[in-house]
Each structure stands twice: as C-alpha cells, then as structure tokens.
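In what follows, a structure is listed as structure tokens, so that the remarks can point back to it.
Nothing in this text is a laboratory measurement; each read-out follows from the coordinates by a stated rule. In this text, all values refer to a predicted model and were calculated from it rather than measured experimentally. All Cβ positions, even for glycine, are placed from backbone atoms using ideal geometry, and neighbour counts span all protein chains on display.
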Amino acid sequence: MPTSATSIRGLKALFFRGQLRQVGGQILIVAVMLLLAAVLLLGVNVTKLQESFGWVQETNDELVQIAEVDKRLVGNELTVRGYALTDDPIFLTYHRDEERQMNAAMAKLGKLLADDPELTQDFAQLRNLVRQRLDAFTHLVNLGPGHARDVAAAIRDPQYRAVMRATRAKVELLRSMELKQLAVQQATAAQQVKSTYRLAIGIVVLAFLFGALGLAFAQYGRGRHA
C-alpha cells in the first residue's frame, strides 16, 4: 500500500479520535449542567415544603385565636350568670378579665386574617356580633346585685339568643374555612413537590447517562490516540 494513502488514513483516524474527545468533553459538561438543574429543582422542593410548614403554622395560630374567642364568649356568659346567681362582686373582676382577653384575642385574630380577603368580611361580621354580645354582658352586669330575674329574662330573650347563635355559627364558619384552605394548600403543595421530585430524578438519571457516554467517548479517544 502506498505510503501516502496510509498517512491520510492515519490523519483521519487522529482527527476522528480528537473529535471524540471533544464531543466527550461537551457531553460531560451537559451532564454537569443537568446535575445542577436537578439540585436546583430539589432546592425548589425544599422551599415548597418550608412554605407548606409556614401555612400550617399560620393556620394553627388562627385556629388558636378562634378557639380563644369562642372560649371567652362562653366564659363571659358564665361569669354573668354566676354574678346573677350569687351577687358575689368577684364576678365583676372575672367579667372585666374575660372582656379584656376577648378584645386581645379579637385583635390578634384580626391581624392574622388581615391578608386573607376570603375571610375579611366574615371576620368583620364576627367582630360586630362579638361587640353586641359584650355590650349585652356589660349591660347585664351593670344591673347590679339582686337582678337574677332580669338576667334570666334577658338570656331567654329571642334577640339575645339569635345573636348568640349567629356568633357561634360565625366562629364555626371561620374555623371550617381555615381548615378547608389549609387542606387545599397542602394538597397543591404536595402535588407540586411530587411532580418536581419526579422531574429531578429523571434529570439525574439523564445526567448519569450523559456522563457515562461522555466518559466513554473521552476514554476511547484518549486510548486510541495513545
């Protein structure tokens, strides 16, 4: 075989092996970029989980204040009845404490719900109902001792009972809406996390395949060149 033909084939082989090494290096770069993308996706998953935990904590705080409002309503009503039955002035102190704690619970709940447009109107209605009940309690307490019959009559009054039922219904509505919102948020977050995790796993697998292919090309080109 002529020397010139052998030299040409040798040059072609060297060029091909050089190209393989170059392609192998590019494939390895792609593999690294895919791994970085997978890491970023997993970081997004962590962020979503943190947001989900934040929603749970925020909802728990709101539910605690809703329960506190409910408890103070019951506590203040029992205080008024206790005063009517015993005429013990200690119940006047209890009444003031209950009203103070009720106002504090409503203020905290208002701050927590301030950024939730779905519940703003319901909270405003609850605040109005709570104010009516507190005013009614204060009126009954201000009747002074010896007014058990008047207190009993007021408690049996249809308008008083209507406000009481409306207040309890509004408290329960806020509680159920909070739980419903949390369930929706958690379901959405769980679906997003699951989808992102699957995509990240797929990218990692693809990155390893590209890495293996790139190494194979690079090793083949280097070995043949040697």
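Things worth noting here:
- Bridging of Lys170 to lysines at a Cα separation below 29 Å is possible for Lys71, Lys108, Lys111, Lys180, once same-chain residues fewer than 8 apart are set aside.
- Using θ = phi - 60° in the Karplus curve 6.51 cos²θ - 1.76 cosθ + 1.60, the 3J(HN,Hα) couplings for the stretch 153-163 round to 5, 5, 5, 7, 4, x, 5, 4, 5, 5, 5 Hz; x is entered for Gly and Pro.
- Mean Cβ count within 10 Å, highest first, over the residues of peptides 189-201, 131-143: 131-143, 189-201
- The three principal axes of the Cα atoms in the stretch 14-225 give end-to-end lengths of 112, 29, 20 Å, sorted in falling order.
- 3J(HN,Hα) couplings calculated from phi for the stretch 169-178 with the Karplus curve 6.51 cos²θ - 1.76 cosθ + 1.60 (θ = phi - 60°) are, in sequence order, 5, 5, 4, 5, 5, 4, 4, 5, 5, 4 Hz; Gly and Pro show x.
- Taken one residue at a time, the phi angles of the stretch 72-80 give Karplus couplings (6.51, -1.76, 1.60, θ = phi - 60°) of 5, 4, 5, x, 5, 5, 5, 4, 4 Hz. Gly and Pro are set to x.
- For the stretch 65-132 and the stretch 152-175, distance of Cα centres in Å: 13 Å
- Maximal additional length on extending the Glu51-Gln192 stretch stands at 49.6 nm, based on 0.36 nm per residue less the C-alpha distance.
- In this label model, Lys180 and Gln132 are separated by 2.3 nm, measuring between points 7 Å along each Cα→Cβ vector.
- Label zone of Gln101 (point 7 Å out along Cα→Cβ, amide N under 14 Å): in the stretch 158-199 this covers no residue at all.
- Ranked by the mean number of other Cβ atoms within 10 Å per residue, highest first, peptides 154-166, 61-73 order as 61-73, 154-166.
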